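Input: a single structure, listed below in structure tokens.
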Amino acid sequence: MNRRYESCRALLDTFSNAVSRTKVLFSDEYAIYRSARDRNVVFWSKENPSFTQELEHNPPHVMIWAGMTSDYLFGSYFFDEPVNAASYSAMLETWFMSQLRDRGLLDDVWLQHDGAPAHFVLSVSNVLNERFPGRWIGRGSPTSPTPLP
């Protein structure tokens, strides 16, 4: 809790006014599954308490990435393969950087992403440190009070 508090305090200090907050780009991915069922499905029936139905494990799906600032929407980016360190880095390097460049935001925006495993791999951190020096928010980022190894 103390570390979270320190991180929040550091971010509030970094983005102390409304103008600076417009430079933060929030991003996330989402999986859309072919199946209409959720992954955690429970069946219950008084008439047939032994009813079972086999559900497909890891059904086909597509991963979509999107990001937004107060002024711009980025995406949707569709991953052709599972999201891992290599595919996430490739998206950042090949697609996302050109999106920022086209909007004149390349040297100004702060990228915020969540704690998905692909986001905090060392190779991804290296890309982020190179492309967003001191301007990315996430697990192990320069804004963390105690960066992760």
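FYI, it's all coordinate maths here, none of it is from the lab. The model shown is predicted, which means the values in this text are computed figures rather than measured ones. Cβ atoms come from the backbone with ideal geometry, glycine included; neighbour counts cover every protein chain shown.
Three principal axis extents describe the C-alpha atoms of the stretch 2-137; from largest down they are 62, 36, 30 Å. Packing, as the average of other Cβ atoms within 10 Å across residues, places the peptides 14-22, 78-86 in the order 78-86, 14-22, highest first.
Between residue 14 and residue 64, the simple label model (points 7 Å from Cα in the Cβ direction) yields a spacing of 2.9 nm.
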